[in-house]
Structures are given as C-alpha cells and as structure tokens.
1. Using the Karplus curve 6.51 cos²θ - 1.76 cosθ + 1.60 with θ = phi - 60°, work out ³J(HN,Hα) for each residue of segment 324-336 in order, rounded to whole Hz, and write x for Gly and Pro.
2. What ranking of 194, 172 emerges when the number of other C-beta atoms within 10 Å of each C-beta is taken as an exposure proxy, fewest first?
3. Can you give the longest run of the chain that contains no chymotrypsin sites (Phe, Trp or Tyr not before Pro) sitting in a DSSP loop with at most 14 other Cβ atoms inside 10 Å?
4. Taking 0.36 nm per residue of sequence separation and subtracting the Cα-Cα distance, how much length would be gained by fully extending the chain between residue 192 and residue 173, in nm to one decimal?
5. Test of understanding: what is the full-extension gain from residue 114 to residue 222, defined as 0.36 nm times their sequence separation minus their Cα-Cα distance?
6. Highest first, please rank the peptides 99-105, 177-183 by the mean number of other Cβ atoms sitting within 10 Å of their residues.
7. Per-residue counts of other Cβ atoms within 10 Å, averaged by peptide: what ranking do you get for 260-268, 217-225, highest first?
8. Once the Cβ-Cβ distance between residue 207 and residue 43 is put in as r, and R0 is 22 Å, what FRET efficiency do you end up with, to the nearest 0.05?
Amino acid sequence: MIIQLTPHATAGQIDAVVQKAQTLGLHAKLVSRDHHRALVVGRVPPNAHTNTTLTDDLLRLPGVQTIKRASKPFKLASREAQPHDSVIRLPGGATIGGSNVSVIAGPCGVESLEQMLETAEGVKKAGAIVVRASLFKPRTSPYEFQGLGEEGLDLLREVKRKTGVLLETEVMHPDHVALVEPVVDLVRVGARNMQNFDLLRAVGQGRKPVILKRGLASTIKELLLAAEYILDAGNPDVILCERGIRTFETETRNTLDLNAVPVLKQLTHLPVIVDPSHGTGRPDLVLPMSRAAIACGADGLIIEVHRNPPEAKSDAAQQLTIPQFEALVRAVQPIAAAVGRTMPLPLKAIAP
Ligand code: PEP
Ligand code: MN
C-alpha cells in the first residue's frame, strides 16, 4: 500500500500518518520527505483490519492525498514509491544519480600502498570521483589471491590521507561493514553475494551508500528485491550495478546485459551503474561498452584500472592501464553530452 501525502502536508501530519498506519498494524515507513511530497509504504499484515477500513481510517487523516495498492513486490525501490530519481550524496559534494554520469575506477584488488597511491592519483586526475579499493576478494578458487583483508585498512587510511580520494570497497561478511565504514565512503556487495540476505541487512543498517551488483544468474526483479532488503533495513542510498550475466557465450567473460539499464530506470528511482570490466572481461571491449552503457541511460561506470595489468594479482586480463582509462573518460564524454548528461571534466582537460 502506498499513501501519497499532499504537497503541503506538515512534518507533524506526516509523522501522525506514519504512526496511525503503524497502530493499524501496517509495517509503515516514510519513503521521502523532500520535494514537498512524502509517502508511506505499508505492508498489510494478514491480521490487519479489512483493506477498506484501513483505507478509510487513513484517508480521513489531514495531509493524506491518495492511497493506492503497490503493484510491485519491490515497494521501496519502485518508482511508485518515489517517481523522481534518487541522488546519492557523497562527502565533498560528489553525487551519483541525477544528471551526472559518475565514474568509479581502481584496481580489482588492493595490492600495495604504492599501487594504490599511483592508481588513486591517476584515476582521480582522469575524472574518477570514487576509487575502487577492494580488500576482501571473492575468488572462485581458494588458492587465488584473497585480498589483503582487514590488514589493508591502514593502507587505505594512508591513501585517503595522502590523496583525499573517496574510496569504495567490497564487503563479504556482515562483520566487514562496521570494520570498513570508518575508512571508506561506499561499500559494495559483489555479484556472488547479491542474495546473501544477512549481508544485505547489515549494509542496510550501515551508514554508507551501497553499490549492489547483480548476481551472475539473477533476474532484474531479484536484483530489485535484493535492493529492497537494504532499503527496508533503513539505508536509502543504494546504487544498482549491472555487471554481466552468465550465458552460453564464450567470447566474453560475461554477457553485459544493457537491456537491464533502461528496464531498471523504468522500474526504480535508484541510480544504475555499469561494470564493463567484469561484464566483458576484455580491455578492448571496455570502451565500446562504456559508451553503450552511457548511451542507454546508465548513471555511471565502475572500471578496473591497474598501473601494470599483467602484474595484477587478480583479473589481470581485463584491467585498463591508467592512460587507457584517461582516454576512456575523454572518449565517453561526447556520448554523455549527446544524451543530455554531464560528466565532471578530467583535471587535465580544464588545466590552462
Ligand atoms: C569486483 O567488482 O571486484 C567483483 C568481484 O566483481 P563481481 O562481484 O561483479 O564479480
Ligand atoms: Mn575484478
């Protein structure tokens, strides 16, 4: 059930509606207070009064405009709950969602302080607004590089202190959330953990925006329901990421499902970014698929960049060099402009 409040509903009236809905047995939640609009989404429990009595009781309250049934199972993520795009605000004024195309870049995994400093400076100069900094690596084989783990946190503190960049990192266990939050600006739930419900609840109770990657074999609806866990747990800042799905095709590592971008943009107000690195597994395809992603409406890109890809401890085959990444940012800017989006200019381009 979605309760739409009038544009002039006061804060007191809004709170009274939420409280009344809760007293009536609804699992009520205020979705948005901005733009002079506010909505309450409630799940109707089986033992609540009949729907008509509920609706009548709520409609009588001052500030209530309309009440309608939520037609989607992902109630909070749906555009029914919030028609306008969500914009995720990051420290220092950076945003993800809205009119910008935001680029996140960095290595597959954190390997050393020198590697991170060089990469962070390089991708920042090229126009990335957030640096990838994975410490916990979900690897198919237990014998492959598992990441620096908790011990890498001091290294990330140093990267932040020296470069001032925003950092994002993957969490694989609910305990990782509290561990990384003091150091990073966003957390990421990887494809393999998209339906790790304890982890989703943990990042939902966290304080940092969450990048939620689509599972290797997950439908768009399953991705949105995974996002719903995070929203329902209280964290409104979720960024969805299309990273390719498993198909019969073997020329590419995954099949980047760009259909998902416009479909998601129709269904949800959450920002949608694309990972062409894991989506293709091939550096030569990262640029064309980045262009395509922006052309079809993506709010951003997340790209793997290594100072020397052949030496990378994970995903050596797909990472771009720093100069390749700089060239990519320049090459996608005209596409962003052509579809009415803005992209922060790389520092080099605006230098005198
Ligand atoms: C990653 O982004 O580092 C990663 C492991 O990707 P995915 O979860 O999409 O496989
Ligand atoms: Mn990787």
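1. Using θ = phi - 60°, the values come out as 5, 5, 4, 5, 5, 4, 5, 6, 8, 4, x, 5, 4 Hz.
2. Fewest-to-most ranking of 194, 172: 172, 194.
3. Numbers: sites that count: 143, 248.
Here the longest segment lacking exposed loop sites spans 1-142.
4. Working: separation 19, 0.36 × 19 = 6.84 nm, distance 1.18 nm.
Gain on stretching residue 192 to residue 173: 5.7 nm.
5. Residue separation times 0.36 nm, minus the Cα-Cα distance, leaves 35.0 nm.
6. Numbers: 99-105: 23.4, 177-183: 17.1.
Sorting 99-105, 177-183 by mean packing, highest first, produces 99-105, 177-183.
7. Working: 260-268: 19.3, 217-225: 17.8.
Those peptides, ordered most packed to least, come out 260-268, 217-225.
8. Once rounded, the FRET efficiency stands at 0.30.
All of the numbers you see were taken from the coordinates with simple rules; none came from a lab. Being a predicted model, the structure only gives us computed values, none of them experimental. A quick note on method: Cβ atoms are made from the backbone with ideal geometry, for glycine too, and the neighbour counts reach across all protein chains shown.
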